[in-house]
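So the structure is just underneath, and the comments pick up after that.
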Amino acid sequence: MIRFEKFVLPNGLKVVVHKDVSTPIVAMNILYNVGARDEDTERTGFAHLFEHLMFGGSENIPKYDEPLQRTGGENNAFTNSDITNYYLTLPKQNLETAFWLESDRMKGLAFTEKSLDVQRNVVVEEFKQSYLNQPYGDVFLLLKPIAYKVHPYQWDTIGKDISHIQDASMQEVKAFFKKYYCPDNAILVVAGDIDASEIMMLSEKWFGTIPKGEGYIRNLPVEPPQSEARGLTVERKVPFDAIYKAYHCCGRTDKEFHTVDLLSDILSNGRSSRLFRELVMNQKLFSEIDACITGELDNGLFVISGKLIKGVEMKKAEEAILAEVEKICKFQPANSKELEKVQNKIESTLVFSEMNIQNKAMNLAFAELLGDAELINSEIDRYRAVIPEMIMQQAKEIFRETNCSTLYYKARE
């Protein structure tokens, strides 16, 4: 049980406080409720650009990292389709430094042409290195637009096209910041050997004067059900052929999420999982194979992917995957023993994650975004409530070929 207190400042900033006396380190996490899905279709990659810009200095702090490092702190951030998350750890006695740093960049990010140019170039280089010039790096740049036709999940966090960031104007960047990086669109979590009264005082002191945002209503287009199989074949300079089959599935807040997550684990979590045991060990069709869910807030994807052994035909490999998903739907449904095995794995992962103060802060922030930080304490129970019949029902719902988009990723001769 993770105990916490929470309160909301008059400007809308949600604050969650978790006391942990076992560590001299304090973790601070600020989650902004903005991700790639909130971008304009002609200006993608902005949320990720801001992940970088937020470290470029604020009105009173030219270099974010320097004061934090002098106090013995560390920090980082990540962006995905739904959120942008900033986190740091530092010694307890230097806690106020964290409030000073985070509030200053929320209140007044330093928008200079130099900073924008530097971070724009950093993002463009990341796009090239990690997505365009990396083996298999462009898979989701290709797969998402096949699977999604109207929802903004159709582009990856890095963006649809390099030009969207290259051509971003200062006016567009400032407007994006003003809309989303405000206290009423953020969740602040502080975890460590601290008192809620102290955190309330520091929150009011450093964040209380920051004005609310103008407010907005998120109104994203709903992806219609897919009614026919879709596919794309590409050739790239890679060592092995690969196949990616993406099925539409539920979102993170749906009641079926935990069932679908366990279904993916039964298929591919570990050497005793179904896909690995049959397609890698027995039939020797793949060198590696995986099944995972994207886990996004809106309806996401259940992706089965694998790299083929050299000489194996793509059609044969795909038929083998389809045979395995048909088994779990009809002929060989999940049994209590294999379900309990993956439930035990997830429970141990969740329990061990609670030993890390930074993970606890991050998980509390995300749970609060989902509706209530208290959800963090019932996560294991929701996985334990899944029974084999629920696995079979979701497998039948998901694994329909009309619900599937397939990317055939071939090694160029």
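The values are calculated or read from the model by the stated rules, or taken from the named source; none is laboratory data. Because the structure is predicted, anything quoted here is derived from the model rather than measured. Counting neighbours? That spans all protein chains shown, and the Cβs are built from the backbone with ideal geometry, glycine included.
Determine which member of the set 226, 166 is at pLDDT below 95 and out of contact with any Phe, Trp or Tyr (no Cβ under 8 Å at 6 or more places or on another chain).
Every option except 166 fails the conditions.
How many of the residues making up region 252-276 are assigned to a loop (DSSP other than H, G, I, E, B) and surrounded by 18 or more Cβ atoms within 10 Å (Cβ to Cβ)?
3
Only residues that are outside any loop (DSSP other than H, G, I, E, B), of a type outside the set (A, V, I, L, M) and farther than 15 Å from residue 12 by Cα: list them for region 206-241, please.
If the condition is that a residue be outside any loop (DSSP other than H, G, I, E, B), of a type outside the set (A, V, I, L, M) and farther than 15 Å from residue 12 by Cα, then 230, 231, 233, 235, 236 are the ones that fit.
From 149, 144, 128, which residue is under 18 Å from residue 223 (Cα atoms), in the same structural domain as residue 45 (by TED's automatic domain parsing) and over 20 Å from the mean Cα position of the chain (by Cα)? Full working, then the answer.
Values: 144 fails: over 20 Å from the mean Cα position of the chain (by Cα); 128 fails: under 18 Å from residue 223 (Cα atoms).
Answer to the selection: 149.
Looking only at region 109-138, how many residues end up being under 22 Å from residue 243 (Cα atoms) and acidic (Asp, Glu)?
1
So which residues in region 159-205 are of a type outside the set (D, E, K, R) and free of Cβ contacts under 8 Å to residues at least 12 places away in the same chain?
163, 169, 171, 175, 197, 201
Scanning for something in a helix (DSSP H, G or I), out of contact with any strand residue (DSSP E or B) (no Cβ under 7 Å at 6 or more places or on another chain) and among the basic types (Lys, Arg), does region 102-110 turn up at least one residue?
Checked region 102-110: at least one residue is in a helix (DSSP H, G or I), out of contact with any strand residue (DSSP E or B) (no Cβ under 7 Å at 6 or more places or on another chain) and among the basic types (Lys, Arg).
Looking at region 277-300 only, could you name the residues that are closer than 15 Å to residue 243 by Cα and crowded, with 18+ Cβ neighbours inside 10 Å?
If the condition is that a residue be closer than 15 Å to residue 243 by Cα and crowded, with 18+ Cβ neighbours inside 10 Å, then 279, 280, 285, 286, 289, 290, 291 are the ones that fit.
State all residues of region 1-52 that are part of a helix (DSSP H, G or I) and touching a residue at least 40 places away in the same chain (Cβ under 8 Å); if no residue qualifies, say none.
Answer for region 1-52, where residues must be part of a helix (DSSP H, G or I) and touching a residue at least 40 places away in the same chain (Cβ under 8 Å): 36, 37, 38, 46, 47, 48, 49, 50, 52.
Quick check on my filter: what residues within region 5-24 are buried (at least 18 other Cβ atoms within 10 Å of the Cβ) and either under 15 Å from residue 362 (Cα atoms) or β-branched (Val, Ile, Thr) (or both)? Full working, then the answer.
If we filter region 5-24 for residues that are buried (at least 18 other Cβ atoms within 10 Å of the Cβ), which is where we start, we get 6, 9, 13-18, 20.
Passing the criteria: 6, 14, 15, 16, 17, 18, 20.
Taking residue 338, is it in the same structural domain as residue 280 (by TED's automatic domain parsing), within 25 Å of the chain's Cα centre (by Cα) and in a helix (DSSP H, G or I)?
No: the conditions fail for residue 338.
Answer yes or no as to whether residue 143 is of a type outside the set (Phe, Trp, Tyr) and in contact (Cβ under 8 Å) with a residue 60 or more places away in the chain.
yes
So which helices (runs of 4 or more DSSP H) stay within region 352-413 end to end and still have 2 or more residues that are in contact with a strand residue (DSSP E or B) (Cβ under 7 Å, 6 or more places away or on another chain)?
357-370
Answer yes or no: is there a residue in region 76-83 that is within 29 Å of residue 299 (Cβ to Cβ), touching a Lys or Arg at 6+ places or on another chain (Cβ under 7 Å) and touching a residue at least 60 places away in the same chain (Cβ under 8 Å).
Yes - at least one qualifying residue is present in region 76-83.
Only one residue in 191, 147 is in contact with a His (Cβ under 9 Å, 6 or more places away or on another chain), over 30 Å from residue 5 (Cα atoms), surrounded by 15 or more Cβ atoms within 10 Å (Cβ to Cβ) and not β-branched (Val, Ile, Thr). Which one?
147
Within region 111-134, work out how many residues are assigned to a loop (DSSP other than H, G, I, E, B) and surrounded by 14 or more Cβ atoms within 10 Å (Cβ to Cβ). Lay out the reasoning, then the answer.
Our first condition is that a residue be assigned to a loop (DSSP other than H, G, I, E, B); within region 111-134, this holds for 111-112, 133-134.
With the extra rule that they be surrounded by 14 or more Cβ atoms within 10 Å (Cβ to Cβ), the set shrinks to 111.
So the answer is 1.
Given the criterion hydrophobic (A, V, I, L, M, F, W, C), modelled with pLDDT under 95 and assigned by TED's automatic domain parsing to the domain that holds residue 162, identify the matching residue among 95, 88, 68, 31.
68
Output the residue which, of all residues in region 241-271 that are of a type in the set (Phe, Trp, Tyr) and in contact with a Phe, Trp or Tyr (Cβ under 9 Å, 6 or more places away or on another chain), is farthest from residue 392 (Cα to Cα).
Narrowing region 241-271 to residues of a type in the set (Phe, Trp, Tyr): 244, 247, 257.
Filter once more, so that each one left must be in contact with a Phe, Trp or Tyr (Cβ under 9 Å, 6 or more places away or on another chain): 244, 247.
Working: 244: 22, 247: 16 Å.
Looking at residues that are of a type in the set (Phe, Trp, Tyr) and in contact with a Phe, Trp or Tyr (Cβ under 9 Å, 6 or more places away or on another chain), I get 244.
Looking only at region 152-173, which residues are within 17 Å of the chain's Cα centre (by Cα) and part of a loop (DSSP other than H, G, I, E, B)?
Hits for region 152-173 are 155, 156, 157, 158, 159.
Quick one: which residue in 387, 357, 380 is without any contact (Cβ under 8 Å) to a residue 60 or more places away in the chain, over 20 Å from residue 295 (Cβ atoms) and outside the structural domain of residue 142 (by TED's automatic domain parsing)?
Going through 387, 357, 380 in turn, the sole match is 387.
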